[in-house]
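**Q** My questions will all concern the structure given below.
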Amino acid sequence: MGAAAITTTRPTARALLAELSTCLAVVVVVLLWMGPSLYRQDLVFLAATYALVALGMYLPFVLAGSLSMAYSAYAAIGAYAVAYLSVKQGLSPWWGWLAGMLIAAAVALVIAVATRKLSGFYLAAVTLLFAIAFEHWLGDATAVTGGASGISAIPVPSLFGWEPPRYAQVVAAIVFVCAVAVLIDRLRRSAWGISLSAARESAPAVQSAGISPTHLTVVALAVGAAIASTGGALFTVSVQAVTPETFGLDLVFLAIFMPIIGGRGSAWGAPLGALIVVAVTLNMPGYQGSGELLLAVVVLVILLLAPGGIIGWARRISTRLIPSRPRDRR
């Protein structure tokens, strides 16, 4: 029994150490790059927002193969929940974070059930129409959303009366993204995540095991929407304002490419892709006006030379340089 216990706990301890090491490395590298620059702090906030939206899309899009284009609406729900409850109702912004997650998950659940028989282009088209209609509704619902001018003067969430300075907010944002990435990556490797991936490849095989592929996809869409709403809440708190145009459809199109750039084989590919997207589109001297064109070239190069994304390419190189040790057959 003791040997069995050791056999089951050692891989868990190694995985936990690897996750903590990865999180620490990400925080240190990003903070070193950011330095005291306020502009780069804004870029990190934007990258964290992109990363959370991309992580929200990771479960239904990468694992389940269900492409929903409504994630700009889910991010907007998180943003407006924080803005409405904190500015118009005088509540703590934390209640807005929680309400945004619940509302976004509920909306995604309704859409997922209504579109459960759609897939591919048809699902993308229907959810795209929803995102467009939701953006127009934000501009029309003046009593709730402030109309075209939106809501401003959104307070920063405090911790037991302490309002963190800007630098501490950036650090907290990076740590939060790392925690979500660890959670999503664990879900990917769990029995639920493996079933979700298997349902994408062969739904009849999963059904034969007594698991409903539809239920798996619906849950993935709801969880993804809740995560995407936190991206909207984070960005709104960082700029302390939100308008209907804050979360446009370009956010969803960019988020689709982030796991492809970073690597679809790991949830960490989404935040890595978000960093690269922000760096290419907004932090390349001389290319600020044509950042999207440069990003298209980067995506094309990665698809041709590294189909598994940056992380997949790095793993392939490390496997060649450090061959695995033969197993002990005694």
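The values are calculated or read from the model by the stated rules, or taken from the named source; none is laboratory data. This one's a predicted model, so the numbers in the text were calculated from it and none came from an experiment. Reconstructed Cβ throughout: ideal geometry from the backbone, glycine too, with neighbour counts over all protein chains shown. The accessibility values were calculated without ligands, DNA or RNA, using every heavy atom of the protein model including side chains. Shrake-Rupley method; radii C 1.70, N 1.55, O 1.52, S 1.80 Å.
**Q** Would a scan of region 9-32 turn up a residue that is open to solvent by 80 Å² or more (accessible area, probe 1.4 Å), at pLDDT 85 or above and either under 30 Å from Ile132 (Cα atoms) or among the hydroxyl-bearing types (Ser, Thr, Tyr) (or both)?
**A** no
**Q** Right, here's the next one. Does Ile302 satisfy being modelled with pLDDT of 80 or more, out of contact with any Cys (no Cβ under 8 Å at 6 or more places or on another chain) and open to solvent by less than 50 Å² (accessible area, probe 1.4 Å)?
**A** Yes, satisfied.
Residue by residue, here is whether (1) of a type in the set (S, T, N, Q); (2) modelled with pLDDT under 95; (3) part of a loop (DSSP other than H, G, I, E, B); (4) buried (at least 21 other Cβ atoms within 10 Å of the Cβ) holds:
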| site | (1), (2), (3), (4) |
| --- | --- |
| Ile77 | no, no, no, yes |
| Trp94 | no, yes, no, no |
| Ile103 | no, no, no, no |
| Ala112 | no, yes, no, yes |
| Arg116 | no, yes, yes, no |
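**Q** Does Arg315 qualify as being closer than 22 Å to Val26 by Cα, at pLDDT below 85 and either of a type outside the set (A, V, I, L, M, F, W, C) or surrounded by 24 or more Cβ atoms within 10 Å (Cβ to Cβ) (or both)?
**A** It is true that Arg315 is closer than 22 Å to Val26 by Cα, at pLDDT below 85 and either of a type outside the set (A, V, I, L, M, F, W, C) or surrounded by 24 or more Cβ atoms within 10 Å (Cβ to Cβ) (or both).
**Q** Read through the list (1) touching a Pro at 6+ places or on another chain (Cβ under 7 Å); (2) more than 30 Å from Pro165 (Cβ to Cβ), then give the number of the only condition that Ser212 fails.
**A** It is condition (1) that Ser212 fails.
**Q** In region 222-248, how many are open to solvent by 10 Å² or more (accessible area, probe 1.4 Å), under 16 Å from the mean Cα position of the chain (by Cα) and at pLDDT 90 or above?
**A** The total comes to 6.
**Q** When you scan region 79-92, how many residues do you find that are outside any helix (DSSP H, G or I) and either open to solvent by less than 50 Å² (accessible area, probe 1.4 Å) or in contact with a strand residue (DSSP E or B) (Cβ under 9 Å, 6 or more places away or on another chain) (or both)?
**A** Going through region 79-92 one residue at a time, the tally reaches 1.
**Q** Tell me, yes or no, whether region 49-67 has at least one residue that is in a helix (DSSP H, G or I), open to solvent by less than 10 Å² (accessible area, probe 1.4 Å), touching a residue at least 60 places away in the same chain (Cβ under 8 Å) and more than 24 Å from Leu187 (Cα to Cα).
**A** no
**Q** Taking region 197-221, which residues are surrounded by 24 or more Cβ atoms within 10 Å (Cβ to Cβ) and under 30 Å from Leu138 (Cβ atoms)?
**A** Thr217, Ala220, Leu221
**Q** Let me ask you something else. Do we have Gly273 as out of contact with any Leu (no Cβ under 8 Å at 6 or more places or on another chain), in contact (Cβ under 8 Å) with a residue 40 or more places away in the chain, part of a helix (DSSP H, G or I) and closer than 24 Å to Ile310 by Cα here?
**A** yes
**Q** Cβ-Cβ distance below 6 Å, separation of 6 or more or different chains: which pairs start in region 208-229 with a residue that is free of Cβ contacts under 8 Å to residues at least 40 places away in the same chain and end on one that is surrounded by fewer than 24 Cβ atoms within 10 Å (Cβ to Cβ)?
**A** Sorted first by the residue in region 208-229, then by its partner, the pairs are Ile211/Ser195; Pro213/Ala203; Pro213/Val206.
**Q** State which residue pairs qualify: first residue in contact (Cβ under 8 Å) with a residue 24 or more places away in the chain and inside region 103-121, second residue part of a helix (DSSP H, G or I) and surrounded by fewer than 16 Cβ atoms within 10 Å (Cβ to Cβ) in any location, beta carbons under 6 Å apart, and separation of 6 or more residues or different chains.
**A** Listed by first residue and then by second, the contacts come to Arg116/Thr214.
**Q** Then there is this: Let me spell it out: the conditions are (1) out of contact with any Pro (no Cβ under 7 Å at 6 or more places or on another chain); (2) within 29 Å of His215 (Cβ to Cβ); (3) open to solvent by less than 60 Å² (accessible area, probe 1.4 Å), and Val177 meets all of them except one. Which number is the exception?
**A** The single condition Val177 does not satisfy is (1).
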